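A quick write-up on the structure given underneath.
The values are calculated or read from the model by the stated rules, or taken from the named source; none is laboratory data. All figures in this text were calculated on a predicted structure; none of them were measured in a lab. In this analysis, Cβ positions are derived from the backbone assuming ideal geometry, glycine residues included, and neighbour counts consider all displayed protein chains.
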Amino acid sequence: MDDVGTQAAVDRGARASRDPSRGDATRQQIKLTARRLFATQGLDSVSIRKIVREAGQKNAGSVNYYFQSKEALIRELILDVADLLEAERNRLVDELEASARPISVRDLVSILIHVPHVDTNGAGLDEHALRFLNMVMIDHRDLLFDALQGGADRGTRRCFAHLRRLLSDLPPAIVQQRLMLLMLHLFAVCSSREAARAQPDVWRSLWGQPAARENAIDTITGMICCPVSPETLAAMRPPSPSTAAKRPRRQSVL
């Protein structure tokens, strides 16, 4: 590190040691602002400059100072939300496994759709947490799953292990696809439930109805458990050699 870089590092350490609470408060403000902007506008359309401005910071380098990069900030936000969600899912799976009754697909869907700050006013998640994760899923799915490596999504994986056991009569490829569709559906459903808290009139005909949550659980359970159609089974079969030979070869467009 050159002399300028060394001095900058010393200056940062000195500022943090003089008033660490100020640094923590600024860091948290940047995270809350970024999560709101990412949740409502998408990841790619929100710049570091906009985050800094909306967070009320005068220094354009604030994000890089605290998080090194926009991607590092996004990763930390993912883990913040995942830690709280997965802790709740682990707790609910523990309770389910400790109960004397058989575990059903609906039980597991009920755990996966549970959102602490929507269902129980749980602390720690703000009004943009699930919408933020949904935006990451839409725009940067690879970043989402890369950030969750190492067991950050353990509660979800425990639910999936039970679901695979309960769906063992279905072809494994179908089960895998349905679990992926389940997660896509859950992201959308949970995000809309979160949005309904801020815009109750917009969602009154759905989440304003008393049976909406239970009906959503029924719907998702039916999606996972429904019989595999003849059309899907036919599509799974590889073409016979004779059929493949008769297919016309595609002409290159290059």
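Can you tell me which of (1) more than 23 Å from ARG141 (Cα to Cα); (2) surrounded by fewer than 16 Cβ atoms within 10 Å (Cβ to Cβ) is the one GLN41 doesn't meet?
Answer for GLN41: the failing condition is (1).
For the range 100-123: of the residues being at pLDDT 95 or above and among the polar types (S, T, N, Q), which is farthest from ARG197 (Cα to Cα)?
Among those residues, the one meeting the criterion is SER104.
What residue, among those in the range 123-162 that are over 30 Å from ALA98 (Cβ atoms) and β-branched (Val, Ile, Thr), is surrounded by the fewest Cβ atoms within 10 Å (Cβ to Cβ)?
ILE138
Conditions: (1) surrounded by 12 or more Cβ atoms within 10 Å (Cβ to Cβ); (2) among the aliphatic types (A, V, I, L, M); (3) at pLDDT 90 or above. VAL63 meets all but one. Number of the miss?
It fails just one condition, (3).
Among the listed residues ALA196, ALA188, identify the single one that is among the small types (Gly, Ala, Ser) and within 16 Å of LEU85 (Cβ to Cβ).
Working: ALA196 fails: within 16 Å of LEU85 (Cβ to Cβ).
Being among the small types (Gly, Ala, Ser) and within 16 Å of LEU85 (Cβ to Cβ) holds for just one of ALA196, ALA188, which is ALA188.
For ALA188, which of the numbered conditions (1) over 27 Å from ILE78 (Cα atoms); (2) touching a helix residue (DSSP H, G or I) at 6+ places or on another chain (Cβ under 8 Å); (3) of a type in the set (Gly, Ala, Ser) fails to hold?
(1)
So if I check each of PHE160, PHE145, PHE132, which one is in contact (Cβ under 8 Å) with a residue 40 or more places away in the chain and either of a type in the set (Phe, Trp, Tyr) or touching a strand residue (DSSP E or B) at 6+ places or on another chain (Cβ under 8 Å) (or both)?
Matching residue, one of PHE160, PHE145, PHE132: PHE132.
Report, by residue number, each residue of the range 149-202 that is among the hydrophobic types (A, V, I, L, M, F, W, C) and assigned to a loop (DSSP other than H, G, I, E, B). Full working, then the answer.
Kept after step one, since they are among the hydrophobic types (A, V, I, L, M, F, W, C), are these residues of the range 149-202: 152, 159-161, 163, 166-167, 170, 173-175, 179-184, 186-190, 195-196, 198, 202.
If the condition is that a residue be among the hydrophobic types (A, V, I, L, M, F, W, C) and assigned to a loop (DSSP other than H, G, I, E, B), then ALA152, LEU167, LEU170, VAL202 are the ones that fit.
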